[in-house]
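Heads up, the thing below is written out as structure tokens.
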Amino acid sequence: MGYDFFSYLCRANIHEMEVNIPEIKLQEAAGQGTDAFLKVVHDAILGAVGGEVNAETLPLLSGEQTTLLAYFILRDEVMDGGFIQLIHNGYGPFIFLNPFAKAMRLWGANEFSKLVYKGRKLFEQYGNELTAECTDEEFMALFEKYPEFDDLDDAFIEMEEEVTDTIAHYVDDHLEQFVAVAK
């Protein structure tokens, strides 16, 4: 993806768009648990930019909104195919070369932040090999070639529920930074 997230966060967010969620929809989702609550906020943000985060839509979002979308990307990629898949699919720069880990620490997900920093070290070491074009067979061989990612994958899987809960509480406590609630 290669977004310069840091530069983006340093800008004044002049183009920041307001994302609206009906209060009833938010209440219903909250009643279903943290995953449903976060998903409804995530989906509203993503929907506001046409369902896609790219160079044109990213400047429309606040740093908080972008960070939430980044967490969903990381979580979905790692739960599906680990950090190797996350990097191979081009999300390494977006996650590791930007202040995502710092944001996670500031949001209260301290152990997850440390895990992302460990991932950054591996990304810096192996990123070029992991992002090279390859066949499906060659992609699968990456998991054997780079077993050091196994510990990261396992650690994230173990902490994912707690991290998601921490993020949901942060979003709930700072809801106005993510969405506007319409009565």
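Need the failing condition index for N54 against (1) farther than 24 Å from D173 by Cα; (2) among the polar types (S, T, N, Q); (3) part of a helix (DSSP H, G or I), just the number.
Every condition holds for N54 apart from (3).
Residues of region 127-153 being among the hydroxyl-bearing types (S, T, Y) and under 13 Å from Q85 (Cβ atoms), which ones?
Within region 127-153, T131, Y146 meet the criteria.
Name the residues in region 40-78 that are more than 18 Å from M104 (Cα to Cα), of a type outside the set (D, E) and either out of contact with any Leu (no Cβ under 7 Å at 6 or more places or on another chain) or open to solvent by 30 Å² or more (accessible area, probe 1.4 Å) (or both), would you?
Once the filter is applied, which keeps residues that are more than 18 Å from M104 (Cα to Cα), of a type outside the set (D, E) and either out of contact with any Leu (no Cβ under 7 Å at 6 or more places or on another chain) or open to solvent by 30 Å² or more (accessible area, probe 1.4 Å) (or both), region 40-78 yields A44, L46, G47, A48, G50, G51, N54, A55, T57, L58, P59, L60.
Considering only region 24-39, state which residues are of a type in the set (V, I, T) and surrounded by 13 or more Cβ atoms within 10 Å (Cβ to Cβ).
Residue satisfying the conditions is T34 alone.
Could you list, ordered by first residue, the pairs with Cβ atoms under 7 Å in which the first is in region 101-119 and among the aromatic types (F, W, Y) and the second is open to solvent by less than 20 Å² (accessible area, probe 1.4 Å), at least 6 apart or interchain?
Note: pairs meeting the criteria are W107/I167; F112/M104; F112/V163; Y117/A101.
Of all the residues that make up region 31-51, how many are small (G, A, S) and not in a helix (DSSP H, G or I)?
3
Give region 80-102 a look and list any residue that's open to solvent by 10 Å² or more (accessible area, probe 1.4 Å) and part of a helix (DSSP H, G or I), or say none.
Selection gives D80, G81, Q85, H88, P93, K102.
Working carefully through the options E56, E28, E64, E16, find the one that is touching a helix residue (DSSP H, G or I) at 6+ places or on another chain (Cβ under 9 Å), farther than 24 Å from D154 by Cβ and at pLDDT below 95.
Being touching a helix residue (DSSP H, G or I) at 6+ places or on another chain (Cβ under 9 Å), farther than 24 Å from D154 by Cβ and at pLDDT below 95 holds for just one of E56, E28, E64, E16, which is E16.
The values are calculated or read from the model by the stated rules, or taken from the named source; none is laboratory data. Values in this document were obtained by computation on a predicted structure and should not be read as measured data. For neighbour counting, all protein chains shown are included, and Cβ atoms are generated from backbone atoms with ideal geometry for every residue, glycine included. Surface areas here come from the heavy atoms of the whole protein model, side chains and all, with no ligands, DNA or RNA. Shrake-Rupley method; radii C 1.70, N 1.55, O 1.52, S 1.80 Å.
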